[in-house]
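A short worksheet on the structure shown next.
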Amino acid sequence: MKRNAKVSTAVIRRLPRYYRHLSELQESGVVRISSSALGKSMGLTASQIRQDLFCFGGFGQQGYGYKVEMLKEEIGEILGISRGHTLVVLGTGNLGRAIIQNFRFSSNGFQLLAAFDINPAVVGTKIAGVSVYHADELEGFIAVHSVDVGLLTVPIAAAQWMGDRLANAGVKGIWNFTNCEITCPREDVVVESVHFSDSLLTLSYLISQREEPKEDNR
């Protein structure tokens with residue numbers, strides 16, 4: 001598979017959207033789709049889609065479109081879905097518990113191995129079939145199970161410390177839901193931070209742009 005070494009972050013951020021949308025198309029029975037139709041359904045231009053996919057090689061034929069299943073598999077391969085990544089969750093409060101119970105890790109190529117907490121009320125129990133261990137056991141567990149990613153839902157005060165522990169224990173990536181930025185002691189560990197406030201404020205901006213200015217009745 002050909003890949004342009006200089007793929008922009010914007011293109012990479014769109015790949016999961018393509019994969020998710022193609023999955024929905026496949027489930028609805030769509031076999032083939034043109035770049036124009038795909039772009040229209042995703043709010044993108046056909047040119048944008050062709051440019052994005054060209055970064056990773058040619059997937060379709062002019063006048064013929066894309067085979068939905070094939071394109072989905074190709075993008076899934078680019079995203080590493082078939083590599084069998086493993087993940088643990090740190091923090092089983094309301095957010096951590098909700099993610100464990102509701103997020104479809106397996107559909108995104110991840111196996112959720114375990115959760116960790118310090119609350120004696122949850123340590124030793126299971127959440128949706130996932131065993132909860134004490135946080136003191138984290139490094140030992142990672143050493144035995146070769147964990148790829150640590151998902152952080154711990155309180156902000158513990159975020160950096162737990163991030164350091166994950167990185168030093170050998171994970172490849174940290175999925176950070178703590179609503180604060182963390183630095184990583186190792187350059188080879190990737191940190192992906194999710195800020196719900198960013199998404200909400202983006203929505204606020206878009207709503208504000210559509211609202212008509214109030215008339216001045218003076």
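Some values worked out for this structure:
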item: Dipole of the chain [Lys/Arg +1, Asp/Glu -1 at C-beta], most positive-end residue of Phe54, Ala128, Val7; result: Phe54
item: Hull-based mean projected area of region 77-137, where the convex hull spans the alpha carbons, in square nanometres; result: 4.3
item: Positive dipole terminus of region 33-167, leading residue within Gly109, Leu87, Gly163 (C-beta point charges); result: Gly109
item: Descending semi-axes in Å of region 77-188, equivalent ellipsoid built from Cα gyration tensor; result: 19, 18, 14
item: Sites Ala157 and Tyr64, calculated FRET efficiency, Cβ-Cβ separation with R0 45 Å, nearest 0.05; result: 0.20
item: Rounded D (µm²/s) - the chain, Kirkwood Rh over Cα pairs, Stokes-Einstein at 25 °C, 0.890 mPa s; result: 123
item: Cross-link reach list, aspartates and glutamates versus Lys126, counting only Cα pairs under 13 Å and skipping chain neighbours closer than eight places; result: Asp117
item: Against the rule of thumb 2.2 N^0.38 Å, how large the Cα Rg of region 9-113 comes out; result: 1.23
item: Hz values of 3J(HN,Hα) by residue in region 19-33 - Karplus curve (6.51, -1.76, 1.60), Gly and Pro given as x; result: 4, 4, 5, 5, 4, 5, 5, 4, 5, 8, x, 6, 9, 9, 8
item: By average C-beta atoms within 10 angstrom, highest first, the peptides 26-32, 125-131, 162-168; result: 162-168, 125-131, 26-32
item: At q = 0.17, 0.20 Å⁻¹, base-10 log of I(q)/I(0) for region 11-66 (Debye sum, equal scatterers on each alpha carbon); result: -0.50, -0.71
item: Accessible area expressed per residue, the chain, with surrounding protein chains retained (probe 1.4 Å, Å²); result: 62
item: Length added when fully stretched, Glu137-Asp188, from 0.36 nm per residue minus Cα-Cα; result: 16.0 nm
item: Cα-centre dipole for the chain with unit charges at Cβ (Lys and Arg positive, Asp and Glu negative), debye to 20; result: 760
item: In sequence order, calculated HN-Hα J values of region 73-81 (Karplus, 6.51, -1.76, 1.60; Hz; x Gly/Pro); result: 5, 5, 5, x, 5, 4, 6, x, 5
item: Dipole magnitude (debye, nearest 20) for region 100-185, charges at Cβ of Lys, Arg, Asp, Glu; result: 260
item: Computed helical MRE - 222 nm, the chain, DSSP H runs ≥ 4 contributing -39500 (n - 2.57), nearest 500; result: -13500 deg cm²/dmol
item: Relative packing of 195-205, 145-155, 173-183, 75-85, which averages over residues the other C-beta atoms within 10 Å, highest first; result: 145-155, 173-183, 75-85, 195-205
item: Rounded percent of accessible protein surface that carbon and sulfur make up, the chain, 1.4 Å probe; result: 52
item: His85 long-range amide H proximity, modeled H, under 5 Å; result: Gln111
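The values are calculated or read from the model by the stated rules, or taken from the named source; none is laboratory data. Every value quoted in this text rests on a predicted model; they were computed, and no experiment measured them. Cβ atoms come from the backbone with ideal geometry, glycine included; neighbour counts cover every protein chain shown. Note: areas computed on protein heavy atoms with side chains; ligands, DNA, RNA excluded. Shrake-Rupley method; radii C 1.70, N 1.55, O 1.52, S 1.80 Å.
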